[in-house]
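In what follows, a single structure is set out as structure tokens and then discussed.
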Amino acid sequence: MTPSRRRTAVVGGLLGALLVAGVGWAWADSLVPHTYSVMGMGSGGAHAGHADTAQRTAGAGPDEAGVVSVADLTGPRSGTPDVTATLTARRQAVTLADGRVFEGYTINGRTPGPTIEAIRGDLVEVTLVNAAVPEGITLHWHGVDVPNAEDGVAGVTQDAVPVGGRHVYRFEVEDAGTYWYHSHQVSHEQVRGGLFGVLIVREPGPADWSTGPQDVVVPVHTYDGRLTVEGAAGRRDLEAQPGEAVRARILNTDNGPLRVSVTGAPFLVVAVDGRDLVGPTLIEGRSVQVPAGGRYDLSFVVPPSGSVRLQPGLDSSTFVSIGPAGAAVAPAEMDLPLVDLLGYGEPDALPFDPERADIRFDYVIDQRPGFVRGRPGLWWTVNGRMFPDVPMFAVDEGDVVRMTVANNSGALHPMHLHGHHVVVLSHNGIPAAGSPWWVDSLDVPPGETYEIAFLADNPGVWMDHCHNLDHAAQGLLAHLAYRGVTTPFLVGGPTANHPE
Ligand code: C2O
Ligand code: CU
């Protein structure tokens with residue numbers, strides 16, 4: 001070997017060693033300790049070797065340092081509840097209406113679990129019982145801006161409930177609308193497998209719904225590859241008379257977006273994610289796309305003849321027909337353009353001024369090769385950082401917060417902030433021009449940017465993650481934390497909390 005060749009070989013060997021060392025470091029750095037506090041995220045505290053550095057508070061009320069524990073941010077502890085439910089969860093074989101059997105989860109023996117119905121202002125008390133879910137369970141009230149201790153996130157707001165255990169949730173429902181509940185322990189498996197249900201909050205008023213609009217709940221979920229409405233594939237008929245007004249509440253409990261078309265009558269989008277739209281106008285020849293985790297309430301009047309077809313997804317054999325018994329159902333129309341809510345309805349005042357934001361955040365989603373939990377792959381990043389080094393968004397109570405969510409990754413991400421509704425300010429730089437568009441679940445397609453704003457009015461430590469729950473399990477998550485609030489709960493640990 002000539003000297004120059006030898007030098008090349010030596011340099012090459014050194015580079016190779018450095019590369020191996022670098023990769024080894026990245027691998028070691030990605031390892032999540034057995035137990036950690038989310039309070040350490042974004043500061044290195046959640047890394048291996050730095051476990052348990054976050055301060056822990058116990059007991060009631062602020063300590064000397066003025067720190068409040070999320071465990072103390074509960075709903076009303078006294079008072080007779082207006083609505084009570086006991087929800088008992090099991091992991092078991094589930095048989096769908098078409099006879100298909102898969103290993104999933106049930107609540108009170110069924111999936112979806114029982115629908116909880118309340119009137120705005122009610123105190124709701126739910127007792128969750130784990131009869132047979134070995135990995136533990138929680139319940140998260142998706143879209144209900146509950147006090148933090150009731151939020152049901154394992155390792156952040158509570159410990160997962162072990163087999164034989166129970167947990168009581170108590171909260172007031174302050175906003176009428178369509179919501180859902182689901183486990184937030186190993187949620188990418190438990191939600192897909194059926195550990196969820198519907199929560200409807202209605203306006204106070206006449207209890208007799210026969211004089212009001214027909215209220216139809218349409219929870220759409222894919223079980224074992226099969227799209228269903230309330231757990232059943234195929235056609236579903238609901239009787240309604242010509243001239244009758246119908247409110248159809250569509251819930252998308254899957255990981256991907258859900259297209260819904262309405263044929264046979266023009267329709268209105270009257271509410272999104274439990275918030276009414278202002279001045280909705282009639283739509284015809286367009287579909288809506290409901291983000292994962294999102295809810296759209298559509299309203300229409302049953303036509304003089306024929307029945308209205310609600311078509312979720314692309315399998316024309318599964319749909320809902322609403323009209324007089326025996327009426328002909330409108331044909332499916334799958335390829336309609338989508339309604340854009342950015343300019344839908346009438347503008348209205350907001351409860352805060354986003355132009356006078358106290359704080360601005362970026363939530364930039366990207367992808368790069370690396371290691372998450374020691375596994376190599378092309379993983380999600382938030383602001384260039386990979387789980388568990390994801391950012392912590394710190395706010396003070398009362399802050400008006402603006403956030404720019406930019407998606408530079410190659411996939412769609414339905415972003416979900418817990419504990420708050422956010423209003424859409426702009427999409428790809430185009431300002432919102434229609435009704436205030438409040439969401440808790442917002443699809444951010446690849447290459448696109450949304451600007452959103454919210455009022456920090458619900459102290460706690462809140463997840464802000466992708467509701468494609470597989471993406472969340474791969475690390476596409478962050479937290480919004482109020483200064484002065486901390487959590488005594490730990491991810492991992494003896495209770496094996498695994499929120500995603
Ligand atoms: Cu419906 Cu954190 O989720
Ligand atoms: Cu995602």
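Determine the equivalent ellipsoid of region 375-500 by diagonalising the alpha-carbon gyration tensor, then write out the semi-axes as square roots of 5 times the eigenvalues, largest first, rounded to whole Å. List each step's numbers first, then the result.
Working: eigenvalues 119, 83, 26 Å².
In descending order, the three semi-axes are 24, 20, 11 Å.
Over the Cα atoms of region 225-291, Rg to Rh with Kirkwood Rh, two decimal places?
Working: Rg = 13.3 Å, Rh = 14.0 Å.
For region 225-291, the value is 0.95.
Compare the peptides 460-469, 266-275 by average per-residue count of other Cβ atoms within 10 angstrom and give them in order, highest first.
Working: 460-469: 26.0, 266-275: 22.3.
Listed from highest to lowest mean packing, they are 460-469, 266-275.
Can you check how the C-alpha radius of gyration of region 304-426 compares to 2.2 N^0.38 Å, as a plain ratio?
Details: Rg = 21.7 Å, N = 123, 2.2 N^0.38 = 13.7 Å.
Scaled against compact globular proteins, the figure is 1.58.
If I take R0 = 30 Å and measure r between the Cβ atoms of THR84 and LEU282 in this structure, what FRET efficiency does the formula 1/(1 + (r/R0)^6) give, to the nearest 0.05?
Details: r = 40 Å, r/R0 = 1.33.
FRET efficiency, THR84 to LEU282: 0.15.
Taking only Cα atoms, what is the 0 to 90° angle, nearest 10, from helix 3-30's long axis to the longest principal axis of the chain?
The angle comes out near 50 degrees.
Evaluate the Debye formula for region 99-156 with equal point scatterers sitting on the alpha carbons, no solvent, and hand back log10 of I(q)/I(0) at q = 0.13, 0.30 Å⁻¹, in q order, two decimals.
Once normalised to I(0) and log-transformed, intensities are -0.45, -1.50.
Using a Debye calculation, one point per C-alpha and no hydration shell, please list log10 I(q)/I(0) for region 333-373 at q = 0.16 Å⁻¹ in order.
Per q value, in the given order, log10 I(q)/I(0) is -0.85.
Output the direction-averaged projected area (hull surface divided by four) of the convex hull of the alpha-carbon atoms of region 371-417, in nm².
On the way: hull surface 17.6 nm².
Computing the convex hull of the Cα atoms and averaging its projections yields 4.4 nm².
Quick one: putting +1 on the C-beta of Lys and Arg, -1 on the C-beta of Asp and Glu, what dipole do you get for region 379-500 around its Cα centre, in Debye to the nearest 20? Write out the running numbers ahead of the final one.
Working: 3 positive and 12 negative charges, 31 e Å.
Charge dipole, region 379-500, about its Cα centre: 140 debye, nearest 20.
Quick check: net charge around HIS167, other residues with Cβ under 11 Å of its Cβ, Lys/Arg +1 and Asp/Glu -1?
Working: positive: ARG166, ARG170; negative: GLU150, ASP159.
It works out to a net charge of 0.
Just to confirm my numbers, what's the Cα centroid distance between region 425-500 and region 126-174 in Å?
Result: 19 Å between the Cα centres.
Please arrange ARG100, ARG368 by how many other C-beta atoms lie within 10 Å of their C-beta, fewest to most. Provide the component values of the computation, followed by the final result.
On the way: ARG100 14, ARG368 11.
Fewest-to-most Cβ neighbours within 10 Å comes out as ARG368, ARG100.
Compute the distance in nm between two label points, each set 7 Å from the Cα along the Cα-to-Cβ direction, one at LEU350 and one at LEU238.
My value for the distance between the label points is 3.3 nm.
When the Kirkwood hydrodynamic radius is evaluated over all pairs of different C-alpha atoms of region 244-375, what value in angstrom, to one decimal, is obtained?
On the way: mean 1/r = 0.0581 Å⁻¹.
With all distinct Cα pairs of region 244-375 included, I get 17.2 Å.
In nm, give the distance between the simple-model label positions of THR404 and ASP215, each being 7 Å from the Cα along the Cα-to-Cβ direction.
4.2
On full extension of the chain, what length is gained from ASP396 through ARG368, given 0.36 nm per residue of separation minus the C-alpha to C-alpha distance?
Contour length minus the Cα-Cα distance gives 6.9 nm.
If each residue's Cβ is checked for other Cβ atoms within 10 Å, how do HIS498, HIS182 rank with the fewest at the top? Walk me through the intermediate numbers first.
Numbers: HIS498 19, HIS182 24.
Sorted ascending by nearby Cβ count, the order is HIS498, HIS182.
For region 340-402, what are the per-bin percents of Cα-Cα distances with bins 5 Å wide, up to the bin holding the maximum?
Calculated P(r), rounded to whole percents: 4, 14, 16, 13, 13, 13, 12, 9, 5, 2.
Treat each spin label as a single point 7 Å out from the Cα along the C-beta direction, and report the ASN428 to ILE359 distance in nm.
3.1
If you take the Cα atoms of region 415-482, find Rg, then find the Kirkwood Rh from the mean of 1/r over all pairs, what is Rg/Rh? Mind showing how you got there, number by number?
Details: Rg = 12.6 Å, Rh = 12.9 Å.
Using Cα coordinates only, the ratio equals 0.98.
Per the Kirkwood formula on distinct C-alpha pairs, the Rh of region 102-220 is how many angstrom? All intermediate terms of the calculation are to be shown ahead of the outcome.
Working: mean 1/r = 0.0667 Å⁻¹.
It is 15.0 Å.
Can you give me the Rg/Rh ratio for the chain, using Cα atoms for both radii and the Kirkwood formula for Rh?
Values: Rg = 24.1 Å, Rh = 24.0 Å.
Using Cα coordinates only, the ratio equals 1.01.
Assuming R0 = 41 Å, can you tell me the calculated FRET efficiency for the pair GLU174 and LEU378, based on Cβ-Cβ distance, to the nearest 0.05? Don't jump to the answer; show the numbers that get you there.
On the way: r = 42 Å, r/R0 = 1.01.
It comes to 0.50.
Divide by every residue of the chain the summed helix terms, -39500 (n - 2.57) for each DSSP H run of at least 4, and state the resulting mean residue ellipticity at 222 nm, rounded to the nearest 500 deg cm²/dmol. Walk me through the intermediate numbers first.
Details: 3 runs with 37 residues, N = 500.
Taking each H run of at least 4 residues, the total per residue is -2500 deg cm²/dmol.
Throughout, read-outs are computed from the coordinates displayed, never taken from laboratory work. All values derive from a computational prediction rather than experimental measurement. No Cβ is skipped: glycine too gets one built from the backbone with ideal geometry, and neighbour counts run over all protein chains shown.
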